[in-house]
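Participant: Just passing along the structure, written as structure tokens.
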Amino acid sequence: MKGWIEKYLSVVRMTWIQTLEYKANTIVGAFAIFSGLAIEFLIWKQVFQAQGATEIRGFTFNGLIAYIFLCMIVGQLKSSWATSIEMIESIRTGELNKYLIRPVSFFTYHFMMFVGHNSLFYIVYTTILILFPIMLPGFAFMTNLHVGGFIMALLLSIYLSYAIYYCMVCFAFWFGEVRSLVIAYNISNIVLSGQIIPLRLFPDTARDIIYLTPLQYLVDFPVSIATNQLPMELWLPKMAVSFAWCVAMTLAGAVIYRAGIRVYGGFGA
Amino acid sequence: MEDSVRRYISLWWSLFQNSLTRDMEFKANFLGGLFVDVIFYGIQFFFFSVIYSYVDAIGVFTKEDVMIFLIVTFLTDTLYMFFFAGNLFNLNRWMVRGDLDFFLLKPVHSQFLVSFRYIKSYAVVSLVILSILLVSRVVIYSQPVPLLNWAAFIISLGLGWIIWYGVEFIISTSCFWFKNFSVSGWLSHEILKFSTRPDSIYTGLFRKVLLSAIPMILIVSIPTRILLYGPDIKYLGWQLIVALVFLINSRIIWKKGLLRYESASS
């Protein structure tokens, strides 16, 4: 077990060093959040002004902006589409061979790479999150319990998101071109997971459908805990469901990978 | 001059035929590109239908107007994808690996070649579908849209497209100064996001910035306004000036950037 941990921690360390070479990613990432937030702020300001409303479906204007701000941060932290594209390329080009002849798991190795690549984001966004209660007091992280609940839900969200991407990546064993699938999922995920509009503001039918999928556990769930939009008695049951989705997606990924590796030719496409 | 223009048009046509042949070799990419487009359009429509379930109009843009605004957004995006996306997005990689040498050695204008070498031919299908969709939406629009609006719209759309090219090209060429600016595509995507929302949400100083230094409002909102509410000579004139400024700047920056280029591993 110790050897296993050391092995994969060294992957994180290696990618962490690589990531430090490309600090511009973090700057652009932070710009993406603030530019996205500025657009949402302006749109919802118009909506609130036009309606003359102080509250829409339980959201005050400031509460909604705080919620969307957190959603954007969580959305970016859990997104592993860039790693997924790399994984697809390694299957397409036969580079996967190097994982097959070494004692490393394709799934875990890339998960650690994803964590390593995102490490700069984690530092920057953690700083923003620490400043959050000071910038927008009373809208999030009311107690330490909320902080703890948020971190737990966020970790589940990051893992679940990666596991979903992994399932899609493994289809590259049969179909050369699954990048489109990953990109299409990524585009739809931004809206359907509640990253730019809270799920509570969706039409009832659309929301009911999304609640049947793991999408609500990617962004909406951690942010609802942080902003106290979810009653505490629902935290544990929802975490259990989120965990169950993680297990289901991991198993599905393993099954698809095992079937896929049998048809893998081991040469460049 | 005339010969030169004819030569470049003919060259572009050859590049298009070459790109089409390449794209047809990978039919899954071709279909995949269309699939991504459909998802992107659907998600944008969904986003605005949620917003408009809480409001009748955002500024002057009613739900009916915004649906046309969205089609114009997709049309502009597809036009950009068709001509430039296969090129400018890769400029950083070409510079880092030294592949840019192959562009510079050809007996043609280097900026022309790095901008037009690879054409995303699958976008033709989207262009046709979106054009039909736009005409059909405008035909059933609650107000009559005269032909003059269409004529001015086409000019405005073209100018917006040139402005987009200018912005994207300037961001992409910054790789000459940053040595490896692999996130330039992401950065321009984030900046261009401002063009995908109706301009009536932007007010005050921010609006002025988006009309001048970062002219995102001129890319989609102004063409849509011209199509729906009639030609405005002030807007068209301003678009022309900004398009020229960005085009000239792209030329200057490209020349300065090339002076810093050190071939492979620069």
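The values are calculated or read from the model by the stated rules, or taken from the named source; none is laboratory data. Since the model is a prediction, treat every value here as computed from it, not as a measurement. Cβ sites come from the backbone with ideal geometry, for glycine too, and all protein chains shown count toward neighbours. Keep in mind that these areas ignore ligands, DNA and RNA; they rest on the heavy atoms of the full protein, side chains included. Shrake-Rupley method; radii C 1.70, N 1.55, O 1.52, S 1.80 Å.
Participant: Mind listing whichever residues of the range B:142-157 are open to solvent by 50 Å² or more (accessible area, probe 1.4 Å) and not in a helix (DSSP H, G or I)?
Facilitator: Those that are open to solvent by 50 Å² or more (accessible area, probe 1.4 Å) and not in a helix (DSSP H, G or I): B:142, B:143, B:144, B:146.
Participant: State all residues of the range B:148-173 that are closer than 30 Å to residue B:98 by Cα and free of Cβ contacts under 8 Å to residues at least 60 places away in the same chain; if no residue qualifies, say none.
Facilitator: The answer is B:171, and nothing else.
Participant: Shifting gears a bit: If the requirement is being farther than 30 Å from residue B:102 by Cα, modelled with pLDDT of 95 or more and open to solvent by 30 Å² or more (accessible area, probe 1.4 Å), which of these qualifies: B:248, B:241, B:222?
Facilitator: Every option except B:241 fails the conditions.
Participant: Tell me, which residue of the range A:30-58 that is over 24 Å from the mean Cα position of the chain (by Cα) and more than 21 Å from residue B:59 (Cα to Cα) is least open to solvent (accessible area, probe 1.4 Å)?
Facilitator: Per the criteria, the residue is A:58.
Participant: With respect to the numbered conditions (1) open to solvent by 20 Å² or more (accessible area, probe 1.4 Å); (2) within 11 Å of chain B (Cβ to nearest Cβ); (3) within 22 Å of residue A:112 (Cβ to Cβ), which one is the sole condition not fulfilled by residue A:175?
Facilitator: Only one criterion in (1) open to solvent by 20 Å² or more (accessible area, probe 1.4 Å); (2) within 11 Å of chain B (Cβ to nearest Cβ); (3) within 22 Å of residue A:112 (Cβ to Cβ) is unmet by residue A:175, namely (3).
Participant: If you take the residues of the range A:148-167 that are crowded, with 17+ Cβ neighbours inside 10 Å and of a type in the set (Val, Ile, Thr), which of them is nearest to the chain's Cα centre (by Cα)?
Facilitator: A:158
Participant: Within the range B:38-60, take every residue that is hydroxyl-bearing (Ser, Thr, Tyr) and either at the interface with chain A (Cβ under 7 Å from one of its Cβ atoms) or not in a loop (DSSP other than H, G, I, E, B) (or both) and give me the one that is surrounded by the most Cβ atoms within 10 Å (Cβ to Cβ).
Facilitator: B:41
Participant: Restricting attention to the range A:179-207, which residues are buried (at least 19 other Cβ atoms within 10 Å of the Cβ), assigned to a loop (DSSP other than H, G, I, E, B) and within 8 Å of chain B (Cβ to nearest Cβ)?
Facilitator: A:196, A:197, A:202
Participant: Condition test on residue B:77, is it touching a Lys or Arg at 6+ places or on another chain (Cβ under 8 Å) and open to solvent by 30 Å² or more (accessible area, probe 1.4 Å)?
Facilitator: no
Participant: Within the range A:1-29, track down each residue that is open to solvent by less than 40 Å² (accessible area, probe 1.4 Å) and without any contact (Cβ under 8 Å) to a residue 40 or more places away in the chain.
Facilitator: Those that are open to solvent by less than 40 Å² (accessible area, probe 1.4 Å) and without any contact (Cβ under 8 Å) to a residue 40 or more places away in the chain: A:24, A:28.
Participant: Is it the case that some residue within the range A:215-232 is away from chain B (no Cβ under 13 Å), among the acidic types (Asp, Glu) and either under 25 Å from residue B:42 (Cβ atoms) or open to solvent by less than 10 Å² (accessible area, probe 1.4 Å) (or both)?
Facilitator: Checked the range A:215-232: at least one residue is away from chain B (no Cβ under 13 Å), among the acidic types (Asp, Glu) and either under 25 Å from residue B:42 (Cβ atoms) or open to solvent by less than 10 Å² (accessible area, probe 1.4 Å) (or both).
Participant: Do any residues in the range B:181-203 that are facing chain A (nearest Cβ under 7 Å) and assigned to a helix (DSSP H, G or I) have Cβ atoms under 7 Å from those of residues that are polar (S, T, N, Q) and open to solvent by less than 20 Å² (accessible area, probe 1.4 Å), where the two are at least six apart or on different chains, and which pairs are they?
Facilitator: Sorted first by the residue in the range B:181-203, then by its partner, the pairs are B:190/A:35; B:193/A:35.
Participant: While we're on this one: Would you be able to tell me the number of residues in the range B:1-23 that are open to solvent by 60 Å² or more (accessible area, probe 1.4 Å) and aliphatic (A, V, I, L, M)?
Facilitator: Total satisfying the criteria: 4.
Participant: For the range A:128-145, name all the residues that are assigned to a loop (DSSP other than H, G, I, E, B) and open to solvent by 80 Å² or more (accessible area, probe 1.4 Å).
Facilitator: A:137, A:142 - these are the residues of the range A:128-145 that are assigned to a loop (DSSP other than H, G, I, E, B) and open to solvent by 80 Å² or more (accessible area, probe 1.4 Å).
Participant: Another question, then. Filter the range B:160-180 down to the residues that are among the hydrophobic types (A, V, I, L, M, F, W, C), touching a Phe, Trp or Tyr at 6+ places or on another chain (Cβ under 6 Å) and within 12 Å of chain A (Cβ to nearest Cβ) and list them by number.
Facilitator: Listed by number, the list holds a single entry, B:175.
Participant: Can you say whether residue B:228 is under 23 Å from residue B:64 (Cβ atoms), of a type in the set (A, V, I, L, M), out of contact with any His (no Cβ under 7 Å at 6 or more places or on another chain) and more than 14 Å from every other protein chain (Cβ to nearest Cβ), as far as the supplied structure shows?
Facilitator: yes
Participant: Could you please tell me which pairs satisfy a Cβ distance under 6 Å, a separation of 6+ or placement on different chains, a first residue in the range A:59-80 that is open to solvent by less than 10 Å² (accessible area, probe 1.4 Å), and a second residue that is among the polar types (S, T, N, Q) and assigned to a loop (DSSP other than H, G, I, E, B)?
Facilitator: A:67/A:227; A:71/A:195; A:75/A:195
Participant: A further question on this structure: Quick check on the range B:92-104: of everything there that is among the aliphatic types (A, V, I, L, M) and modelled with pLDDT of 90 or more, which residue is surrounded by the fewest Cβ atoms within 10 Å (Cβ to Cβ)?
Facilitator: Selected residue: B:104.
Participant: How many of the residues making up the range B:23-64 are at pLDDT 85 or above and charged (D, E, K, R)?
Facilitator: Of the residues in the range B:23-64, 4 are at pLDDT 85 or above and charged (D, E, K, R).
Participant: Could you list, in sequence order, all residues of the range A:100-147 that are among the hydroxyl-bearing types (Ser, Thr, Tyr) and either more than 17 Å from residue A:86 (Cβ to Cβ) or modelled with pLDDT of 85 or more (or both)?
Facilitator: A:105, A:108, A:109, A:122, A:125, A:126, A:127, A:143
Participant: Output the qualifying pairs, or none if there are none: Cβ atoms under 7 angstrom, residues six or more apart or on different chains, first residue in the range B:66-94 and part of a helix (DSSP H, G or I), second residue of a type in the set (Asp, Glu).
Facilitator: B:84/B:168; B:88/B:168
Participant: Being within 20 Å of the chain's Cα centre (by Cα), open to solvent by 50 Å² or more (accessible area, probe 1.4 Å), within 9 Å of chain A (Cβ to nearest Cβ) and closer than 29 Å to residue B:182 by Cα narrows it down to one of B:26, B:35, so name that one.
Facilitator: B:35
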